[in-house]
Structure formats: structure tokens, C-alpha cells
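Enquirer: I have a structure here, written as C-alpha cells, and I will follow up with some questions on it.
What follows is calculated from the coordinates using simple rules that are stated; it is not laboratory data. A quick note: this is a predicted structure, and the numbers were derived from the prediction, not measured. Here Cβ is always computed from backbone atoms with ideal geometry, including for glycine, and neighbour counts include all displayed protein chains.
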Amino acid sequence: MGLVSGKEILQKANKGGYAVGAFNFVNMEVLDAILSAAQDENAPVIVAASEGAIKYAGFETIVALATTGAAARKIPIALHLDHGKDMKLIEKCIKGGFTSVMIDASHAPFNENVETTKKVVEMARPKGISVEAELGRLTGVEDHVSVAERDAVLVNPAEAESFAKQTGIDSLAPAIGTSHGAFKFKGEAKLDIERLAKVKKATQLPLVLHGASSLPEEIVGLVAKFGGKLDGAHGVPDSELQKTIAGGINKVNVDTDLRLAFLGGLRRVLLEQKEEIDLRKVLGPAKEMVYKAVRSRIKVLGCSGKA
Ligand code: TD3
Ligand code: ZN
């Protein structure tokens, strides 16, 4: 059906009380696996490219891959810029085929974050492109962290309300204790679901969970079995993920799980089939691992059949 606005997908998810997966890609294999998995689950999906992914694959290639991939499927698909920091690149995405952008000015002081985000909303709104912004900092929350320290890094619900009103954003990523990558928590996952529910109540916006990879045992185990080093890898358990969805999360960002799924499949072929020189046979199983990981994530999020 071609790319649709991120707004369309997220407003529906907000009304329906479910979450949609936003999966990062850097190449054809990962993108194709994501889109096929979403199609087979009949689920709406967001495919995300970071500034680094755009540098790696090239802007035109990223847009062309997503646009042609979406045209061949019958589900709503949005192309999203993840963690946009460079205003020139954000503008290029808005003009050049993306249907959703994130402005990440969360490290700047509150008022500066408001001003920068407002500029992006002004650019994106006339084209119907959705804008996501972030409040708070993405860092795991340890047990011994004091209330004051917690308040310093996590989103402030009152600030979120004023931020949403001042900027006119379409979705908000509130920091509630997750972090990017394979090592999110030392012990149990600690997510501030109460704080999340307050942000939802105050803004009523579609909310976004960054750092949502779950580091499933079977994927981490596969990478480790074939020589990868991932000691201490720890993600957001599925039960915890579902609590965040009940608390108002509508977009769940997953990158690390797919990287590891791809790597696990690749490592296995490289070690078990040392004579294989056909790239399709080397990369094919890696792609298949990503396909399975995406289907499994979509089932946990509860957006199967929502296309
Ligand atoms: O924005 N992203 C994707 C890019 C982060 C680099 O891994 C996320 O929030 C996904 O986080 P996760 O849990 O997959 O690392
Ligand atoms: Zn993120």
C-alpha cells in the first residue's frame, strides 16, 4: 500500500491500547525480514533508520528500500528517522520520503528541547509527517539510586504535559529506566510504570519505549554458542514490556534483538559451513533469524491482526 504517516499508525494504536514495533534496519536483508514478518502477522509496522544507518547505506538507498518494500505489502508501514539530532538531516528526511521523524534534543535543557522540537513540528506538519520527541535520559535505573537521582534522569510528568502543549508533537518518548544495547540492567529490570502512567494521563499522546529489546535467551544463547561474547546481557522481559503497554506505550523500539538474531544466524553458518561461498546461503539463514525474531516481538506487543 506504500508508506503511510507514522501518525496514522500510532493514533490507531493509542485508541486501541496496543503497541506497534519500530524495528531498525541498515540493509536489505534486515528490512525485508521485518516487512515479511509484519505482513505474515498482518500487523502495522514502523521501520526505523538512525543517522548512522543513513550514513552507512546512503539516504537514497534507505528511502528506496523502504518505499519499494512497502509498495509490495498490504499492511500500513511507516519510515521513521530514529534519534534525529542533525537539523539538516531531519529536514532532508521530511522532504525526501520519510513519513515520521524523531527529534532527539533530550540532552539539552528543557526550554532548548522545546524550541528545537517546535522547529521540527513546523517543518513536518504541512506534510503530515509525524514528530516524536524525547524527555529525560535513557539510562537503566539501579537499585541503590536515590529518589532525587531518579528524578534527575527520568521524565517529569508535569514537564511532559507542558512540553506536549508547547510543541504540538505527535508522540513522546519518556525515559522510564530503559537504556539502549545488550546490557540494560545489572539485576532485575526496573521500569517506572507509575511515572509512565502519569505521563499518559497528562498528555494522552502515543508514547514510545526506547531500549525495549528483550535479549531472548534463545538468541543470546545462539550468539554465545557460536563464539560471540555477551556475558551479562540483559533486556526488558516480555512481562515487563506488556506492563509498559498497559501503562500507555504504543511504539516499542527494537534494534539490539534483531542485530543479535542476524549475528547468531550468521555466526552459525560461518562456523558450521566453512566451505559455503554463496552469499545468499550465508546471509539467508541470518535473514530468517530476523524474520522469526520480529514475528515473536509482534506477538508479544499484541498488534498481530491490527493492520
Ligand atoms: O532507538 N533505538 C534503536 C537504536 C539504539 C541502538 O541499539 C532503540 O530504542 C532500541 O533499543 P534496543 O533495546 O534495541 O537497544
Ligand atoms: Zn532509542
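Enquirer: Are any of the pairs LYS12/LYS287; LYS184/LYS251; LYS55/LYS184; LYS190/LYS306; LYS55/LYS127; LYS184/LYS229 more than 21 Å apart by Cα-Cα distance, and if so, which?
Expert: Violating the 21 Å Cα-Cα cut-off are LYS12/LYS287; LYS55/LYS184; LYS190/LYS306; LYS55/LYS127.
Enquirer: Here's another thing I want to ask about it. For the stretch 20-30, just list the computed ³J(HN,Hα) in residue order, Karplus coefficients 6.51, -1.76 and 1.60, θ = phi - 60°, integers in Hz, with x standing in for Gly and Pro.
Expert: Each residue's phi maps through the Karplus curve to give 10, x, 10, 10, 7, 9, 10, 8, 4, 4, 5 Hz.
Enquirer: I would also like to ask the following. Can you pull the percent of Cα pairs in the stretch 182-254 with separation above 17 Å?
Expert: When every Cα pair of the stretch 182-254 is considered, 48 percent fall beyond 17 Å.
Enquirer: Cα centroids of the stretch 226-241 and the stretch 172-212: how far apart, whole angstrom?
Expert: Going from one Cα centre to the other spans 18 Å.
Enquirer: Which ³J(HN,Hα) values in Hz, rounded to whole numbers, follow from the phi angles of the stretch 130-137 under the Karplus curve 6.51 cos²θ - 1.76 cosθ + 1.60, where θ = phi - 60° and Gly and Pro get x?
Expert: 7, 10, 10, 10, 10, 10, x, 10
Enquirer: Could you work out the mean projected area of the convex hull around the alpha carbons of the stretch 68-140, in square nanometres to one decimal?
Expert: Here the figure is 5.9 nm², rounded to one decimal.
Enquirer: Which number do you get for Rg(Cα) / (2.2 N^0.38 Å) in the stretch 188-307?
Expert: After normalising by residue count via 2.2 N^0.38 Å, the value is 1.26.
Enquirer: Same structure again: Please compute the modelled spin-label separation between LYS186 and ARG125, points set 7 Å along Cα→Cβ, answer in nm with one decimal.
Expert: In this crude label model, ARG125 to LYS186 measures out at 4.6 nm.
Enquirer: Also, quick follow-up: Mind checking the stretch 62-105 for trypsin sites (Lys or Arg not before Pro) that DSSP puts in a loop (not H, G, I, E or B) and that have at most 12 other Cβ atoms within 10 Å?
Expert: LYS74
Enquirer: Taking a quarter of the surface of the convex hull around the Cα atoms of the chain, what do you get in nm²?
Expert: Orientation-averaged projected area of the Cα hull: 15.0 nm².
Enquirer: Counting other Cβ atoms within 10 Å, which trypsin sites (Lys or Arg not before Pro) in the stretch 212-247 have at most 13 and lie in a DSSP loop?
Expert: Sparse-neighbourhood loop trypsin sites (Lys or Arg not before Pro): LYS229.
Enquirer: Can you tell me the relative contact order of the chain? Whole percent, Cα pairs under 8 Å, sequence separation 6 or more.
Expert: Answer for the chain is 22 percent.
Enquirer: Another one. Residue by residue through the stretch 209-217, what is 3J(HN,Hα) from phi via Karplus (6.51 cos²θ - 1.76 cosθ + 1.60, θ = phi - 60°)? Round to whole Hz and write x for glycine and proline.
Expert: The phi angles translate into 9, 8, x, 9, 4, 9, 6, x, 3 Hz.
Enquirer: So how much slack lies between ALA152 and ASP278, counting 0.36 nm per residue of separation and subtracting their Cα-Cα distance, in nm?
Expert: 40.2 nm
Enquirer: Rounded to the nearest Å, what's the spacing between the alpha carbon centres of the stretch 1-32 and the stretch 249-263? Just the number, please.
Expert: Rounded to whole Å, the Cα centres lie 13 Å apart.
Enquirer: For the chain, what is the mean residue ellipticity at 222 nm derived from helices alone (per DSSP H run of n ≥ 4: -39500 (n - 2.57); sum divided by total residues; nearest 500 deg cm²/dmol)?
Expert: -16000 deg cm²/dmol
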